[in-house]
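Take a look at the structure below.
The values are calculated or read from the model by the stated rules, or taken from the named source; none is laboratory data. Being a predicted model, the structure only gives us computed values, none of them experimental. Here Cβ is always computed from backbone atoms with ideal geometry, including for glycine, and neighbour counts include all displayed protein chains. Ligands, DNA and RNA are excluded from the accessible area calculation, which covers all protein heavy atoms including side chains. Shrake-Rupley method; radii C 1.70, N 1.55, O 1.52, S 1.80 Å.
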Amino acid sequence: MPDFKGKSVVVTGAAAGMGKSITEKFIENGATVIAVDINNDALDNLKSEIKDTYGTDAAERFIAFCGDISKREANEQMIEKAVSVTGSIDVLVNNAGIAGHSEPVAETTDEDWDRIIKVDLYGPMYAIRAAVNKMLLQPGGGSIVTIASVAGIKGCRSCVAYTAAKHGLVGLCEHTAYAYMHKGIRSNIVCPGAIRTAMTSRPELESEFGMERIKSGMDPDLPFGVPGNIADAVLFLAGDEARFINGAKLVVDGGISCN
């Protein structure tokens, strides 16, 4: 794993699932992490776990920030928090996201569309905008890693709102990579497949028709990954070893997007 000692990292959706694994991996490798989540109790529990596992020094490098990343103000405040605590924002990881229940467009309500787009697309845009404005003032620039999905490169892999948001994220991050490639700012994308988290554990809520159509184009023996698979990819892209990787889509899905 890359060495992030002395680096300032913001991780959204930090207290559960992939975000928790990403946060722990950055802490383990020396970073100070501004851990952003809407669930304050979960942040407190994670800090206690980090202290028990990695020690007091590691827990002191865990800075909890409770906020709703669908709101512009929360994104701006979390970036300001990183700069005020550490003096810089070296890495931004846009991980927080919500999914629907495999609804195709005919079954999607305005409320579900708005809720998913605000969290999964507006939130990362607000965060990237705030981070880039700070990174432009830093001599070393910075690194942005955004969690999209195989649904961001394959239109048949999730509900319509989630799919549209993740496609939008890919475009947002590729644009950012190209726009600021001469400014020392890198923007890369991780596209997970099926990862075992709480977001993938409620099959009884899924749209029957939507799930049927999704599965029709997939291997019936779907391979599942674990959050640590995504954390490893994020740390690689965020680190100096990936210094010439910019605007890349790293698919981490066990091969399911190849068909």
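Quick check on segment 141-161: of everything there that is over 18 Å from Val252 (Cα atoms) and crowded, with 23+ Cβ neighbours inside 10 Å, which residue is nearest to the chain's Cα centre (by Cα)?
Looking only at segment 141-161, we keep the residues that are over 18 Å from Val252 (Cα atoms), and these are 141-143, 159-161.
From what is left, the residues that are crowded, with 23+ Cβ neighbours inside 10 Å are 142-143, 159, 161.
Details: Gly142: 16, Ser143: 13, Cys159: 18, Ala161: 17 Å.
Ranking the qualifying residues of segment 141-161, first place goes to Ser143.
What are the residues in segment 169-184 that are touching a residue at least 40 places away in the same chain (Cβ under 8 Å), of a type outside the set (Lys, Arg) and surrounded by fewer than 23 Cβ atoms within 10 Å (Cβ to Cβ), if any?
Of the residues in segment 169-184, the ones touching a residue at least 40 places away in the same chain (Cβ under 8 Å) are 169-170, 172-174, 176-178, 180-181, 183-184.
Adding the requirement that they be of a type outside the set (Lys, Arg) leaves 169-170, 172-174, 176-178, 180-181, 184.
Selection gives Val170, Leu172, Glu174, Ala177, Tyr178, Tyr180, Met181, Gly184.
Could you tell me whether Ala99 is of a type in the set (A, V, I, L, M, F, W, C), in contact (Cβ under 8 Å) with a residue 24 or more places away in the chain and part of a helix (DSSP H, G or I)? Judged against the criteria, Ala99 is not a match.
Kindly indicate whether Lys166 is in a helix (DSSP H, G or I), open to solvent by less than 80 Å² (accessible area, probe 1.4 Å) and of a type in the set (Lys, Arg). So Lys166 passes the test. On the stretch given as segment 99-114, residues that are surrounded by fewer than 17 Cβ atoms within 10 Å (Cβ to Cβ) and under 20 Å from the mean Cα position of the chain (by Cα) total 1. Scan segment 239-252 and tell me whether some residue there is more than 21 Å from Leu121 (Cα to Cα), touching a residue at least 60 places away in the same chain (Cβ under 8 Å) and either touching an Asp or Glu at 6+ places or on another chain (Cβ under 6 Å) or of a type in the set (D, E, K, R) (or both). Yes, some residue in segment 239-252 is more than 21 Å from Leu121 (Cα to Cα), touching a residue at least 60 places away in the same chain (Cβ under 8 Å) and either touching an Asp or Glu at 6+ places or on another chain (Cβ under 6 Å) or of a type in the set (D, E, K, R) (or both). Restricting attention to segment 39-54, the residues being open to solvent by 20 Å² or more (accessible area, probe 1.4 Å) and either touching an Asp or Glu at 6+ places or on another chain (Cβ under 7 Å) or of a type outside the set (Lys, Arg) (or both) number 11. Of the residues examined, Ser257 is not one that is modelled with pLDDT under 80, of a type in the set (Ser, Thr, Tyr) and open to solvent by less than 80 Å² (accessible area, probe 1.4 Å).
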